[in-house]
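Asks: The structure's right below; bear with me while I get my questions together.
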Amino acid sequence: MQKGQRAFEHDETVGAALARMTRAFGEAGLDSAAWDARILLQGLLGIDGTALLTKPEQPIGSAADRIADAVQRRLAHEPVSRILGVRSFYGREFIVTPDVLDPRPDTETVVELALEIIKSAGLNDKAVRIADIGTGSGILIATLLAELPLASGVATDVSAAALEVAKRNAERLGVASRANFVATRGLAGCGGAFDLIVSNPPYIPSGEIPGLGPEVREYDPMLALDGGSDGLDVYREIAQEAACTGIAKRLVIEIGAGQVIDVEAVFRSSGWSLVTTKRDLGGHVRAVALEIHL
Ligand code: GLN
């Protein structure tokens, strides 16, 4: 416990624990104190939001020590999803480990745009093939395969440890039989043609990494964040590889806030043109669709 903070007792009620957690997080300056306290407590007690709010008089019981440990970890800026080991994305639950980027709600924009592009190409009831470059926890490929029951795909990552997580997540969603997981850079060795490539590559300029919040800087894998000196290195690789090999003619990628002009220029110089973009809930252009006529 931090100085001045009482331990959590077995007979402490859920309501009292929630109030105390919210206060501790607020006093520590965490922006989403109330939300973090609720999601952590629900996860640790294995109950849903309704149970949390309608039975505040229940004792926390044997969860007391786990709660105390989780509060300390959150006060040290570890994200809630890493403490619980799971995160919801596009309505489904994904395993999160230290080897993968913590899935962000912003990335749901990529799923939405990818589904729109598939639909507008008249492919949503076809056996489309999708590639996910730098899959990390596998949220993009697994969600798309779950949304498109006839689709199949390949997910790649330079991190074998991340691929293991992606595979487990695909298994949990029941889509693993429609995906291959390949430890490689880009799509090297993946063969075949794809109807769509999706990617949320590392895009943070190296020099900006020291200024990121501790939740990101200290807990997300550097491999998943660092996009080189201008943040655009991996976009250049994807633009060139996909154009040279003709492996796909449609791309939907995630970009960082304010990167749309630079990213479009990178892709244009390899022959791609911008089809459309989509903003995240914060109003930033987050997903970009591109096409190439080969
Ligand atoms: N969206 C992440 C962030 O802003 C970065 C992830 C990435 O580089 N793809 O922290």
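Asks: What about V175, is it surrounded by fewer than 24 Cβ atoms within 10 Å (Cβ to Cβ) and free of Cβ contacts under 8 Å to residues at least 40 places away in the same chain?
Replies: Answer is yes for this residue.
Asks: All but one of (1) under 20 Å from the mean Cα position of the chain (by Cα); (2) within 16 Å of the ligand (Cβ to nearest atom) hold for G207; which doesn't?
Replies: (1)
Asks: So how many residues does the range 221-239 have that are charged (D, E, K, R) and within 10 Å of the ligand (Cβ to nearest atom)?
Replies: Residues meeting the conditions: 1.
Asks: If I filter the range 193-206 for residues that are crowded, with 17+ Cβ neighbours inside 10 Å and in a helix (DSSP H, G or I), do I get at least one hit?
Replies: So far as the range 193-206 goes, no, none of its residues is crowded, with 17+ Cβ neighbours inside 10 Å and in a helix (DSSP H, G or I).
Asks: Collect the residues in the range 179-204 that are near the ligand (Cβ under 10 Å from one of its atoms) and either touching a Cys at 6+ places or on another chain (Cβ under 6 Å) or of a type outside the set (A, V, I, L, M) (or both), keeping them in residue-number order.
Replies: S199, N200, P201, P202, Y203
Asks: Just a yes or no: is a residue in the range 151-159 surrounded by 23 or more Cβ atoms within 10 Å (Cβ to Cβ) and closer than 25 Å to H284 by Cα?
Replies: Within the range 151-159, none of the residues are surrounded by 23 or more Cβ atoms within 10 Å (Cβ to Cβ) and closer than 25 Å to H284 by Cα.
Asks: Can I ask one more? Would you tally the residues in the range 246-286 being β-branched (V, I, T), over 19 Å from L123 (Cβ atoms), assigned to a strand (DSSP E or B) and within 14 Å of the ligand (Cβ to nearest atom)?
Replies: Of the residues in the range 246-286, 1 are β-branched (V, I, T), over 19 Å from L123 (Cβ atoms), assigned to a strand (DSSP E or B) and within 14 Å of the ligand (Cβ to nearest atom).
Asks: Keeping to the range 1-54, report how many residues are part of a helix (DSSP H, G or I) and either touching a residue at least 60 places away in the same chain (Cβ under 8 Å) or acidic (D, E) (or both).
Replies: Adding up the residues that qualify gives 2.
Asks: Still on this structure, I have one more. I'd like to check which strands (runs of 3 or more DSSP E) are fully inside the range 116-186 and have at least 3 residues that are among the aliphatic types (A, V, I, L, M).
Replies: 129-133, 179-183
Asks: Moving on to the next point. Does P105 meet the test of being within 13 Å of the chain's Cα centre (by Cα), within 16 Å of the ligand (Cβ to nearest atom), surrounded by fewer than 17 Cβ atoms within 10 Å (Cβ to Cβ) and within 18 Å of V252 (Cβ to Cβ)?
Replies: Against the criterion (within 13 Å of the chain's Cα centre (by Cα), within 16 Å of the ligand (Cβ to nearest atom), surrounded by fewer than 17 Cβ atoms within 10 Å (Cβ to Cβ) and within 18 Å of V252 (Cβ to Cβ)), P105 qualifies.
Asks: Next up: With respect to V80, determine if the residue is within 16 Å of the ligand (Cβ to nearest atom), closer than 30 Å to I255 by Cα, surrounded by 14 or more Cβ atoms within 10 Å (Cβ to Cβ) and not small (G, A, S).
Replies: yes
Asks: Find all pairs meeting these conditions: Cβ atoms under 8 angstrom apart; at least six residues apart or on different chains; first residue within the range 95-106 and within 12 Å of M222 (Cβ to Cβ); second residue near the ligand (Cβ under 9 Å from one of its atoms) and in a helix (DSSP H, G or I).
Replies: Hits for this filter: L101/A224; L101/L225.
Asks: Starting from residues that are more than 18 Å from N200 (Cβ to Cβ) and hydrophobic (A, V, I, L, M, F, W, C), keep the ones in the range 235-273 and report whichever is surrounded by the fewest Cβ atoms within 10 Å (Cβ to Cβ).
Replies: Ranking the candidates gives I261 first.
Asks: Quick one: is R87 closer than 30 Å to E12 by Cα, in a helix (DSSP H, G or I) and of a type in the set (K, R)?
Replies: When the stated conditions are applied, R87 does not pass them.
Asks: So in the range 108-140, with the set limited to residues that are polar (S, T, N, Q) and at pLDDT 95 or above, which one is farthest from the chain's Cα centre (by Cα)?
Replies: Going through the qualifying residues, I end up with S120.
The values are calculated or read from the model by the stated rules, or taken from the named source; none is laboratory data. Because the structure is a prediction, the values reported are computed rather than measured. No Cβ is skipped: glycine too gets one built from the backbone with ideal geometry, and neighbour counts run over all protein chains shown.
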